[in-house]
Amino acid sequence: MAFDGIRHKDKCVLITGAGQGIGRAAAIRLAGEGANLVTLDLSTEHLETLKTEAEEFGGRCETVCGSVADLATLDQAFELANARFGRLDGLVNNAGIGGYMKRFDEVEIDEFHTIIDINLRAVWYGMKLAYGAMAGRGGAIVNVSSMAGIRPNRHHSPYGMTKAAVISLTQHASMDYAPANIRVNALCPGPVETAIFEQMRNYLDEEGVRRAQHLVRSRTVMDRFGTPEEQAAAISFLLSDDASFVTGIAMPVDGGWSVSDGRRM
């Protein structure tokens, strides 16, 4: 895939959960559009591969290995951006887990706290750090939410709850950050075959996974899954000057999930 190498030239963008899926696709796209990157992920192997591929576009890609549930890891990533590039222009709060496919009353307290720490607390903390890094020059934040934050999915309450809260955080921060010329938006992906989606295999047998995939796909009017690269294109837009008058939105990139009645013509 060819990129223009100009849209984000010399910007510094920090991406969490950058090793796979949407985070990785966003990193590759932004590198191809001229950005320098600070990438954070749990997997050293994935980060090393990403660094090699991203730097083929001529920029730099710094890496931090760790979990966003450990807020010190986020501190380290932001400090690295300042030390290596002296600036931060964009933040993509992408790291997250799918959580537990259980009835509402069956979710355990420790499971609830785990998904809060990763999907919500880390997003909130990253946004606070981004304000300190961007306030002098402006910037843009994209928080990766989900269509599950807009429309509920059966037996997926902790995940949907955190993603709805990410949208609310986005809206509130967009108001508070606007005077500092910092835009804050949320991306709401529809069905995309990523590692999070594959986590359903921990809870369902193969027939159950097949039925779930069919049901999810059929709820889009386009009758297909999206790709990480399609989500990355939206992230690039929201971070760019092309979106200079866009803040506080929850942007569906969902193949028509949000307008579908679930029926096939």
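Things to note:
- Among residues of the range 243-256, those that are in contact (Cβ under 8 Å) with a residue 24 or more places away in the chain and more than 15 Å from N143 (Cβ to Cβ), counted: 4
- Residue among C65, C12 that alone is surrounded by 14 or more Cβ atoms within 10 Å (Cβ to Cβ) and farther than 25 Å from A186 by Cβ: C65
- Annotation note: of D110, D89, D105, the sole residue that is acidic (D, E) and surrounded by 14 or more Cβ atoms within 10 Å (Cβ to Cβ) is D89.
- Against the conditions (1) among the polar types (S, T, N, Q); (2) out of contact with any Ser or Thr (no Cβ under 9 Å at 6 or more places or on another chain); (3) buried (at least 16 other Cβ atoms within 10 Å of the Cβ), N82 satisfies every one except (3).
None of the figures in this text is laboratory data; all of them are computed from the coordinates on show. This is a predicted model, so every value here is computed, not measured. Every residue, glycine among them, receives a Cβ derived from its backbone with ideal geometry; neighbour counts consider all protein chains shown.
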